Amino acid sequence: MGIVLTNALLVDLDPPNVELTSLRIDHGMIVERGRNVDANDADEVIDCGGCMVLPGLVNGHTHLYSALASGMPAPGESITNFHDVLKYVWWRLDRALDGDAVEMSALVGAVHAIRCGTTTLIDHHASPSCISESLDRVENGIDRVGLRAVLCYETTDRNGTAGREAGLAENRRFLEKCSKSGDHKFAGLVGGHACFTLDDASLASMADQAEKFDTGVHLHVAEDPVDDAICRERYGHSLLDRLNKHNLITSRAVFAHGTHLPDDAIAQFNQTRPALAHNPRSNMNNAVGYTRIGDISCPIMLGTDGIGADMFTEAHVAWLKSRDGSAGQSPAQIVSMLVASARRASQALGVQLGSLQPDHAADIVITDFLPATPLDAENVVAQFIFAFSSQHVRHVIARGEWAMRDRMIASVDESAVRIEAQDVARSIWSRMQSLD
Ligand SMILES: [Zn+2]
């Protein structure tokens with residue numbers, strides 16, 4: 001049985017296009033588009049009432065493990081810099097997670113994503129107390145509500161050699177599993193925290209894995225000056241030299257932040273073209289500064305770095321930050337970050353996301369947004385920044401199936417999930433109190 005969307009104001013971003021027409025989806029794919037689309041007898045027909053329909057959005061960098069962090073007690077220690085934020089907040093949270101907490105965090109984060117029209121997540125996971133098979137728990141949480149994701153485990157040396165080896169093993173296990181499944185729902189990258197918590201043996205192992213699986217690393221890079229400073233102090237080389245020594249800068253790499261990339265690193269990124277995830281709300285929250293996006297020409301994705309999954313809000317903030325700062329980006333440049341996220345996720349998953357054209361994946365957001373001003377291919381990027389919002393997301397189709405209908409999550413009882421999640425959050429927060 002297929003689904004036919006009629007009277008739909010189809011909005012594409014890659015390239016920008018607006019058309020009031022019909023769409024037919026079947027077997028997880030968009031199969032037909034145009035005014036003459038005929039519904040089969042068995043098809044479900046949805047009249048979109050002339051409202052906006054978008055491709056599902058992609059979050060280019062997130063941490064679902066932090067989905068149950070909202071409202072948690074502030075650390076007792078005083079936080080004076082970015083390293084303190086990691087040490088007393090996130091590295092305490094990730095150590096407090098057990099397998100059930102990992103899965104519940106992923107589920108709650110995925111439900112939130114659906115409500116925002118985000119259908120694919122590029123996630124960076126850490127749970128040092130339960131590393132083995134943790135990516136399966138993340139996958140289970142996401143799979144329960146029918147989204148897609150590109151997952152990795154955040155390898156690090158900060159929990160000793162055994163922790164490092166377990167992280168590498170988890171990435172390898174998940175990559176092997178994904179290479180066999182071929183279902184275009186989940187894919188892997190080779191995850192690592194950041195060069196300043198990874199020694200040379202760890203970086204070399206990550207590079208080997210990336211080559212073996214024909215993929216890239218997913219790494220925080222230059223989020224704060226501490227990354228380069230500790231690389232020089234502890235390992236005797238700059239951050240850029242260490243990335244180069246291990247051939248980690250490739251077109252398949254996913255780097256997050258790049259907030260403090262020096263000129264020579266930016267020149268190399270522009271030439272080699274890894275995907276760089278820009279996370280403006282997180283950067284402001286951590287007071288780590290602003291990425292020089294105006295100087296960077298490699299694909300820049302948009303990510304939330306764990307602050308929810310609302311890509312409309314993240315784009316809006318990216319725009320405002322760019323105007324308030326020195327980058328002065330155009331709406332088209334901000335929206336191109338969402339396009340870059342969809343392209344990179346498509347590459348990893350082996351399916352075409354981010355467009356409402358035939359032969360693309362049926363990951364579709366149906367809104368109740370009727371534009372109050374003319375909306376066309378020329379101004380759609382500006383409308384995205386100033387008029388579109390996640391509050392208009394009404395139905396979501398992901399992987400060709402209903403993920404949300406009339407704002408009700410299709411496959412789980414959201415109220416029950418949220419009530420159960422409160423107990424899980426209490427347990428996580430309680431365990432955090434006993435960690436140093
Ligand atoms: Zn991050």
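The values are calculated or read from the model by the stated rules, or taken from the named source; none is laboratory data. This is a predicted model, so every value here is computed, not measured. Glycine also receives a Cβ, built like all others from the backbone with ideal geometry; neighbour counts cover every protein chain displayed. Each accessible area value is taken on the protein alone, full model and side chains, heavy atoms only, with ligands, DNA and RNA left out. Shrake-Rupley method; radii C 1.70, N 1.55, O 1.52, S 1.80 Å.
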Of those in segment 198-226 that are open to solvent by 10 Å² or more (accessible area, probe 1.4 Å) and within 13 Å of the ligand (Cβ to nearest atom), the residue farthest from Leu349 (Cα to Cα) is Asp224
So the strands (runs of 3 or more DSSP E) completely within segment 11-64 holding 1 or more residues that are of a type in the set (Val, Ile, Thr), within 16 Å of the ligand (Cβ to nearest atom) and within 16 Å of Ala345 (Cβ to Cβ) are 57-62
For segment 278-313 the number of residues that are in contact with a strand residue (DSSP E or B) (Cβ under 6 Å, 6 or more places away or on another chain), aliphatic (A, V, I, L, M) and either closer than 21 Å to Ser238 by Cα or open to solvent by 10 Å² or more (accessible area, probe 1.4 Å) (or both) is 1
*Test His237 against the criterion of being open to solvent by 50 Å² or more (accessible area, probe 1.4 Å), within 16 Å of the ligand (Cβ to nearest atom) and not hydrophobic (A, V, I, L, M, F, W, C), and give yes or no.*
no
(Q) On the basis of being part of a helix (DSSP H, G or I), touching a helix residue (DSSP H, G or I) at 6+ places or on another chain (Cβ under 6 Å) and not assigned by TED's automatic domain parsing to the domain that holds Val108, does Val381 make the cut? (A) yes
Gly308: passes all of (1) modelled with pLDDT of 95 or more; (2) over 13 Å from the mean Cα position of the chain (by Cα) but (2)
Over segment 345-364, the set of residues on the phi < 0 side of the Ramachandran plot and open to solvent by 20 Å² or more (accessible area, probe 1.4 Å) is Gln347, Ala348, Gln352, Gln357, Pro358, His360
query = Got at least one residue in segment 3-12 being open to solvent by less than 20 Å² (accessible area, probe 1.4 Å), of a type in the set (A, V, I, L, M, F, W, C) and over 28 Å from the mean Cα position of the chain (by Cα)?
reply = yes
Among residues of segment 348-378 being in a loop (DSSP other than H, G, I, E, B) and within 19 Å of the chain's Cα centre (by Cα), the residue farthest from Thr21 (Cα to Cα) is Gly350
